[in-house]
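Asks: Questions regarding the structure given below will be posed in turn.
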Amino acid sequence: MQVVIGQILNGIILGSLYGIIALGVTMTFGITGIVNFALGEFMMIGAYATWYFSDQAMLPFPVAVMLGVVLAAVAGLVADQVLFRFTRNNLVNGLLVSIGLISVMESGALLLFTTTPKSMDAVVAGSLSLGAITLPRMKVVVFLLLVAVIGLTWLGLSRAWLGRATRAYAQNPEAAMLMGVPTKLLQTGVVVYSCALAGFGGGLYASLFSLEPSLGGLFILKGVEAAILAGVGNLLGALAGGVILGVTESVGSLYLPSAFRDAYGLVFLVAILLFRPAGLFGSQR
Amino acid sequence: MKISLKGFFTGTLLAAAIPNLAFAQGIVKLGQIEAQTGPNAIYGFMSSQGVPVAVDEINRGGGFKVGDTTYKLELDALDTRGDPKEATIDLKKLLEQDKVKFVFGPFLSNVFVTIYPYAKQFNGKFLMLGGGTRIHEYVGQPGNEFLIRTWNWDAGPKGFGERMVDYLVKTAHPKKVAMLFQNDSAGKILGDTYEPMFKSRGIETMTEYFEPGTKDFSPVLAKISEFQPDYLFPGYSDAALYDIVRQSIEGNYSKKFFLVRGSTGPGLKNKDGLEDYIVYVPKDFEEAEKNDPKVKHFIEAYKAFYKRDFPYDQAPLCSSSCYDHVYMLVAAMQKAGTVDDVEKIRTTLLGMTYQGIWKISFDDHNEQVFDFDIVHLKKGGAKEVIHVEQ
C-alpha cells in the first residue's frame, strides 16, 4: 500500500510538470487558434539554459531558472514575430510551422550541446521519508513551485484587467476588439507568456532529469494529452489533467508492465473522451 | 618551323599520359548510416564523429597508395535519426546511386533489422561494418558475407559479458540481480543473454523493461525494490542511465550498479550517493590518454577537428565503426592490393589484427574482438580500472 501511495505522490509531482506545458498549450490555443507543438522546444531552451547557467556558469539555481525563463520568452517573441503571427487562427498552418520549428530547434540544440546527456548537480539534495515512502526533496520543491506559478497565472487571468481581456478575447474576439482590447499585443503576449511558462517548466525539469536535445518533443505530447484530457481552454483543468495523467502512468506501471507506461495515460484519455468528448472540465456543447 | 604529323600526335599522347602516370589518383567512397540526431543518437553520434576525423587525417596526409594509384577518401555520412525507414532510404542512396562499397553502421538494432533484407540483396558487392546487437544473429551465416560486426559480443568463450559477470561474482558475491532494460530489440536480447549467465552462477534474477524515452523511473524502481536485489543492472544508454542511477539512489531503491552498456558518467555524477558501480567500458580514455600515444593523438585530433572539448564519457562508443575502422579498412585495401574487390578486402580485413586505439581482430563469425576496461567506482568516486586483454 505504501508503494502505491508513494507512486500516487510521484505521479502528482510529475503531472504538475505536464500541467505547466498543458497550461501553455491551452492558453495559446484559446488566443491564437493554434496548437503550438513547439512549446516543448521552449521548455528545452529553459532546461539547457538552467543547466548551463547553474552548472557551467555557477550561478545560483534561482537566477539560472530566471535566465532560462527570459531566454525562452525572448525565443518565443522571435518565433511569434517571425513565424506564428502569420498563422493566427489557422490550425493547420500553425501546426506545420510549429512542427518545422521543432526540427530546427532540436538540430540547434544538438549542434550546441551534442547528444551527450547533461545532468545537473543536485540543487536540493536528500529525500523525505515517511515510513516506506521516500520522495526526493527537490521533487517536492518543484511541485510547490509549479502549483504556485499555475495558481498565480489563474489568479492573474481571473482578476487582473489583462487577464479578463484575454478571456474576453478567447470568448468573442470581435466584441473584445470593439471594447478596446489591443488584440495583436494580447496574442503576442500570450504566446510569449506560454513560452516563458514552458521555459520555467524546463528549468525545473533540469533539476530532476537529465537533458537531451529531444526532450521537448517527448514532453509536449504529455502536455497536449493533459490539455485534451482536461478540456482545452480550462486553465486549472490543465494542471488537473497533468496530475491525472501522471498518476495514471505511475500507478499503472506498478501493476502492469512498465514497458508500456505511456499507453496507460493514453488509454485513460481515450476512455474519458468517449464519455466526455470536451474533456473532463471542458464545457459540453 | 615544320612539325611532322607523327611527332605532333606522339607529343600530344605523351603530354596526356605523363600526368596520369605521375599523379594517378582515385577516390574510394565510404558511406555511413548512423543516428546523428533523434532520441537514440547517443549510439550513432560518436561513430559519426570519429570517422570524419580519420578521413580528414588520411586525406590531409596525401591519401593512401594501392599499387601505383593514390586514393583519397570521400565520406557520405547520412543521418538516419534512428528511424529504420530513413535508414533504408539512406542505404539505397549509398548503394544504388553513389555505388559505395564500404558502409559503416548501423549501431542501432531496430535500424539494422529493417534494412537487413534490402542490404542482403547486395551481398558480395559491399561490406557493412556495424555495431548493432542484432547483427550478432546474422553475422558469419552463409549469404551474409557483407556483414562484419564491430563490437564485442557479450556471451561465448570470448564474450566480454562473461568476463564482467565473473568479475561481479568475484568481487561482490551477489545473490540477486535486477535487470532493467529498454523495451526494444537490443533490450530484449540483453535480457535473454544475461539471464542464463547469472543463473549458471547461482544468481537469482528479475527483469523489467521500460518504455523508450522514459525519464521518471520511480514506479519501475519501486517495483524492483520489492525484489530486494543486491545489484541493479540497468541498460543501455546514458540517456536513461543518468536518470536511473540518480533516481535509484535518491529513492533508496538500490545503490549498487552493474552495467555492460553506458559510461562512467552516471556513476561519477552520483559518486557520493552510490555504494558500488561496476561498468564495462571499451576504453577509459582519461586513463589511457596518459599512457597511450595513439589515444592522446586521437583526442588532440578530435579537439582540433571539431574545435570543442573531447567527450570522454561517450568516446568509448568509438570502438564501433569509427576512427580505427577507417584506418583498418585502408590497411586492408593496401594489403589486398585493391579498392574494388570486396571479397579480397573482406578476407584480408578479417585476417588482420590492427593495433589502433584498440587492438582489433575478428573471430570466426566475423565479429570483432577487442581489449576493454572494467571500471569499478566506489562511494566518493574512487576509481579502479581493470584492463582485460582478449
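Asks: Among the residues in region B:10-19, are any modelled with pLDDT under 85, of a type in the set (A, V, I, L, M) and buried (at least 24 other Cβ atoms within 10 Å of the Cβ)?
Replies: Looking through region B:10-19, none of the residues is modelled with pLDDT under 85, of a type in the set (A, V, I, L, M) and buried (at least 24 other Cβ atoms within 10 Å of the Cβ).
Asks: Give region A:73-86 a look and list any residue that's more than 18 Å from A:Val35 (Cβ to Cβ) and touching a residue at least 40 places away in the same chain (Cβ under 8 Å), or say none.
Replies: The answer is A:Ala73, A:Ala75, A:Leu77, A:Gln81.
Asks: Also: Would it be correct to say that B:Asp230 is without any contact (Cβ under 8 Å) to a residue 60 or more places away in the chain and either closer than 28 Å to B:Phe112 by Cβ or more than 13 Å from chain A (Cβ to nearest Cβ) (or both)?
Replies: Here the answer is yes, as B:Asp230 does meet what is asked.
Asks: Against the conditions (1) within 11 Å of another protein chain (Cβ to nearest Cβ); (2) under 25 Å from A:Leu14 (Cα atoms); (3) crowded, with 21+ Cβ neighbours inside 10 Å, where does B:Asn252 fall short? Just the number, please.
Replies: (3)
Asks: While we're here: Which residues, taken from region A:217-242, are among the aliphatic types (A, V, I, L, M) and over 29 Å from A:Ala109 (Cα atoms)?
Replies: Scanning region A:217-242 gives A:Leu229, A:Ala230, A:Val232, A:Leu235, A:Leu236, A:Ala240.
Asks: Okay, moving on. Go through region A:71-85 and give me each residue that's farther than 15 Å from A:Met44 by Cβ and either modelled with pLDDT of 90 or more or within 17 Å of the chain's Cα centre (by Cα) (or both).
Replies: The answer is A:Leu77, A:Val78, A:Asp80, A:Gln81, A:Val82, A:Leu83.
Asks: If we keep just the residues of region A:233-285 that are of a type in the set (Lys, Arg) and surrounded by fewer than 21 Cβ atoms within 10 Å (Cβ to Cβ), which is farthest from B:Gln182 (Cα to Cα)?
Replies: Among residues in region A:233-285 that are of a type in the set (Lys, Arg) and surrounded by fewer than 21 Cβ atoms within 10 Å (Cβ to Cβ), the one farthest from B:Gln182 (Cα to Cα) is A:Arg285.
Asks: Being facing another protein chain (nearest Cβ under 9 Å) and over 25 Å from A:Pro213 (Cα atoms) is the filter here, so list the residues in region B:216-227 that pass it.
Replies: Answer for region B:216-227, where residues must be facing another protein chain (nearest Cβ under 9 Å) and over 25 Å from A:Pro213 (Cα atoms): B:Ala222, B:Lys223, B:Ser225, B:Glu226.
Asks: Another question, then. In region B:233-249, what residues are within 9 Å of chain A (Cβ to nearest Cβ) and not hydrophobic (A, V, I, L, M, F, W, C)?
Replies: B:Ser237, B:Asp238, B:Tyr242, B:Asp243, B:Arg246, B:Gln247, listed by residue number.
Asks: When the residues of region B:151-195 are narrowed to those that are touching a strand residue (DSSP E or B) at 6+ places or on another chain (Cβ under 7 Å), part of a loop (DSSP other than H, G, I, E, B) and modelled with pLDDT under 90, which ends up farthest from B:Phe104 (Cα to Cα)?
Replies: Out of the qualifying residues, it is B:Lys158.
Asks: Can I ask one more? Only strands (runs of 3 or more DSSP E) wholly contained in region B:44-131 count here; list those with 1 or more residues that are more than 23 Å from B:Asp340 (Cβ to Cβ).
Replies: Filter on region B:44-131 gives B:69-79.
Asks: Taking A:Lys118, is it exposed (fewer than 14 other Cβ atoms within 10 Å of the Cβ) and either out of contact with any Leu (no Cβ under 6 Å at 6 or more places or on another chain) or not aliphatic (A, V, I, L, M) (or both)?
Replies: no
Asks: Next up: I need a count of the residues in region B:227-260 that are farther than 20 Å from B:Asp284 by Cβ and of a type in the set (Ser, Thr, Tyr).
Replies: Of the residues in region B:227-260, 4 are farther than 20 Å from B:Asp284 by Cβ and of a type in the set (Ser, Thr, Tyr).
Asks: Now a separate question. Just to check your reading of the model, which residue among A:Leu186, A:Leu145, A:Leu178, A:Leu162 is more than 13 Å from every other protein chain (Cβ to nearest Cβ), surrounded by fewer than 20 Cβ atoms within 10 Å (Cβ to Cβ) and in contact (Cβ under 8 Å) with a residue 40 or more places away in the chain?
Replies: Among A:Leu186, A:Leu145, A:Leu178, A:Leu162, only A:Leu145 is more than 13 Å from every other protein chain (Cβ to nearest Cβ), surrounded by fewer than 20 Cβ atoms within 10 Å (Cβ to Cβ) and in contact (Cβ under 8 Å) with a residue 40 or more places away in the chain.
Asks: Now for a different question. Pick out the one residue from B:Asp309, B:Asp272 that is over 22 Å from B:Phe160 (Cα atoms), surrounded by fewer than 17 Cβ atoms within 10 Å (Cβ to Cβ), free of Cβ contacts under 8 Å to residues at least 40 places away in the same chain and not hydroxyl-bearing (Ser, Thr, Tyr).
Replies: B:Asp309
Asks: Then there's this: Looking only at region A:233-285, filter to residues that are in a helix (DSSP H, G or I) and among the aromatic types (Phe, Trp, Tyr); which one of those is nearest to the other protein chains (Cβ to nearest Cβ)?
Replies: This residue is A:Phe260.
Asks: Still on this structure, I have one more. Within region A:10-20, does at least one residue satisfy the condition of being more than 23 Å from B:Ser218 (Cβ to Cβ) and small (Gly, Ala, Ser)?
Replies: no
Asks: Only one residue in B:Leu377, B:Leu329 is of a type outside the set (Gly, Ala, Ser), in the same structural domain as B:Glu275 (by TED's automatic domain parsing) and in contact (Cβ under 8 Å) with a residue 12 or more places away in the chain, so which one is that?
Replies: B:Leu377
Asks: Sticking with this structure for a sec: Check off (1) among the small types (Gly, Ala, Ser); (2) within 9 Å of chain A (Cβ to nearest Cβ); (3) outside any loop (DSSP other than H, G, I, E, B) for B:Gly213 and give me the number that stays unchecked.
Replies: (3)
Asks: Only one of B:Met206, B:Met179, B:Met164, B:Met197 is in contact with a Ser or Thr (Cβ under 7 Å, 6 or more places away or on another chain) and more than 23 Å from B:Gly82 (Cα to Cα). Can you tell me which?
Replies: Only one candidate qualifies: B:Met179.
The values are calculated or read from the model by the stated rules, or taken from the named source; none is laboratory data. The model shown is predicted, which means the values in this text are computed figures rather than measured ones. With ideal geometry, Cβ positions are generated from the backbone for all residues, glycine too; neighbour counts draw on all protein chains shown.
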